[in-house]
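The values are calculated or read from the model by the stated rules, or taken from the named source; none is laboratory data. If you're wondering where the values come from, they're calculated on a predicted model, not measured in any experiment. Using ideal geometry, Cβ is built from the backbone for each residue, glycine included, and neighbour counts are taken over all protein chains shown.
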Ligand SMILES: [Zn+2]
């Protein structure tokens, strides 16, 4: 039997769990696109403020990461893009255990994931309100913001949010369709920090043959919204049903037909680890084939965080190991 490299092991394992490597030093802001399991989880730090968007599938990995990285600092804003387990499960203990100043969701949650967990979700939402958290549903049922109207965040005036979609529709009885409708309820929003723009898309799906499902991407492409952003969080983990080239163009190409920015990135957070193989047709190759004017960072197959920050007026996004 070969000897395992003990030095490597001793640096990684602590009390039987993985210690995360330190994030890069930054002096401006830092966006952590985390790979802690399947699904999406993003941590944004601007000055002293902390924003968390989604929590991935693993129940404790985000919690552990925040413990290690933030200590007991409160979360200024937590956002659930949509009520699916690969975004919700890891966020739940954060909402339950940490001080949360503000919480947003799409407002669509009554039937939950295959009927499970939704009762607990409603209770958690109510509990947050009892604890003094400002809870907002961004969708059609509880509209909190006007679409396409940028608003400056109360907690930090360097941060501006613009909501482009958060569509609530009654959930269908059919289980799979219900899943797609919840995907399509995802909050689509731009988070702008100074001049840097990040477009979060949750799990919206685009092309579909189902007449009852709306094509959120096509709606956005047809809108007159300014969707330009330097960083696009790939919709629905890069699945075949999302990321239509017209939509990608709307994000990265300016009104004059030229690239809107010198440097642009697609960040793909994903599948594998807990949920198994990526869905057919997902993944880097399809995006790579689309346009040469963005860099693709996909952490689909490895446990790798992706970090973004700006330095000397240049935006840099990269895998953890390349910092
Ligand atoms: Zn998802």
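Annotations for the structure displayed:
- 1 or more residues without any contact (Cβ under 8 Å) to a residue 60 or more places away in the chain, buried (at least 19 other Cβ atoms within 10 Å of the Cβ) and more than 16 Å from the ligand (Cβ to nearest atom): qualifying strands (runs of 3 or more DSSP E) within region 186-248: 188-193, 196-200
- Residue in region 164-184 that is more than 18 Å from residue 87 (Cα to Cα), modelled with pLDDT of 90 or more and either more than 19 Å from the chain's Cα centre (by Cα) or in a strand (DSSP E or B) (or both) present: yes
- Residue match in region 3-25 (condition: modelled with pLDDT under 95, within 16 Å of the ligand (Cβ to nearest atom) and touching a strand residue (DSSP E or B) at 6+ places or on another chain (Cβ under 6 Å)): no
- Flag for residue 133 being buried (at least 21 other Cβ atoms within 10 Å of the Cβ), closer than 28 Å to residue 31 by Cα and modelled with pLDDT of 80 or more: no
- Taken over region 59-95, the criterion of being more than 16 Å from the ligand (Cβ to nearest atom), outside any loop (DSSP other than H, G, I, E, B) and within 16 Å of residue 32 (Cβ to Cβ) is satisfied by 63, 64, 65, 66, 67, 68, 69, 70, 75, 77, 78, 94.
- In region 28-45, the residues that are in a strand (DSSP E or B) and closer than 11 Å to residue 62 by Cα: 41, 42, 43
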